Each structure stands twice: as structure tokens, then as C-alpha cells.
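Right, one structure below, let's go through it.
The values are calculated or read from the model by the stated rules, or taken from the named source; none is laboratory data. Worth saying up front: this structure is predicted, and the values here are computed from it rather than measured. Using ideal geometry, Cβ is built from the backbone for each residue, glycine included, and neighbour counts are taken over all protein chains shown.
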Amino acid sequence: MQTYLFYLSIVELQERIEQLKAKRHSLFAVSELQKHKYVLHAILIHDGEAGMGHYWAFIHDHATGIWRRFNDTNVSVETEDNVIAESYGGKGTASAYCLVYARADAFQQGSSVQRSVDLVPTALQSFIGEDNDKFEAEMQKWTETTASATASVQPFGMFIMRSFILFY
């Protein structure tokens, strides 16, 4: 069919475009899909090639209007302009590969929309909570170790030796 399209006239192509637009519109013309308004909630980004690269996410805080970048262990506030630029492939090879939409009323005060966490079985919530507590403790220990190691810098002649370096 692709080779056939090359031989269509401009009028035939325009007609085909209108047919496809009508078909696309009819897919979402179901009343059930129009009951709720959905808003962009998160964007998952990939930078690299097929099979390798780096991933991160932008998540919109609807209460404050702020976008945040979640990149490995770093979370930072991001401008909407930069979110859009990276999502459209405006920086290197990075671009969006998944858009997450959520019901707009889920972010309103006193919303009756069931929170996603409420759908997770209690046993799994407990497991995740315990795992998060362990991770938090590991991060706290790492932060304390790193802080104490860099705080105990001692001068040694013209050089600075850190106490966490092992000498043999």
C-alpha cells in the first residue's frame, strides 16, 4: 500500500487524510471515554539507541504546577520549557517514549477517585514500605559516611589526605 500512495494525486491524498482523521476521531467518540478529562501527568524519557541508553522521568505536580526530573537518585525541579524540549528530542538523542495521562479530577482536593496505592494489596504495601525503609536507612548511612569522610580532611605537607584512604 505504501508504494500505491506515491501514485495518488494530491486530491486523493487529501481525501485519504480526511478519512483517516474521521476514523481517528470516531475511535474516541465513545461516550464512556468522554466522561472524564485527562491531563498529562508524566513523561518517560530515553536518551540513547535501541537496546541501550539512559532513562529518566518528568512528573508534574498538579497541586503546585511544578515539573520534577527523577533521574536515578537525583530529583530536581525542571522548567516546563526544558521538559518540552527534551520530550520532543530537542537535546541530543533524548526524547519521550511514553506519556502518562491521569484523570484531572484525581488531583483535586477531596477527590473521590481511588488512589492507585489503595488498589495494591495490603501485604504488598507492607513489603514495599519495609523495602523503602531499608533503602532510606542505606541512604542515610551512605550520607553520614560520605559527610564524615569529607569532613575529616587533614592537611599533610603540600597535599591533602582524606581519612578514608587506606595506606599500605
Which numbered condition G110 misses (of (1) modelled with pLDDT of 85 or more; (2) under 20 Å from Y38 (Cβ atoms)): (1)
Test: residue in region 30-45 that is in contact (Cβ under 8 Å) with a residue 12 or more places away in the chain, farther than 26 Å from D105 by Cα and within 12 Å of the chain's Cα centre (by Cα): no
Residue check, V100 under 27 Å from M139 (Cβ atoms), among the β-branched types (V, I, T) and touching a residue at least 40 places away in the same chain (Cβ under 8 Å): yes
Test for S87: is it at pLDDT 75 or above and within 17 Å of A42 (Cβ to Cβ): yes
Residue match in region 67-79 (condition: in contact with a helix residue (DSSP H, G or I) (Cβ under 7 Å, 6 or more places away or on another chain) and not polar (S, T, N, Q)): yes
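Residues are listed down the side, and each one gets a yes or a no for (1) assigned to a strand (DSSP E or B); (2) hydroxyl-bearing (S, T, Y); (3) under 26 Å from Q34 (Cα atoms):
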| position | (1), (2), (3) |
| --- | --- |
| G48 | yes, no, no |
| F70 | yes, no, no |
| N82 | no, no, no |
| A85 | no, no, no |
| Y97 | yes, yes, yes |
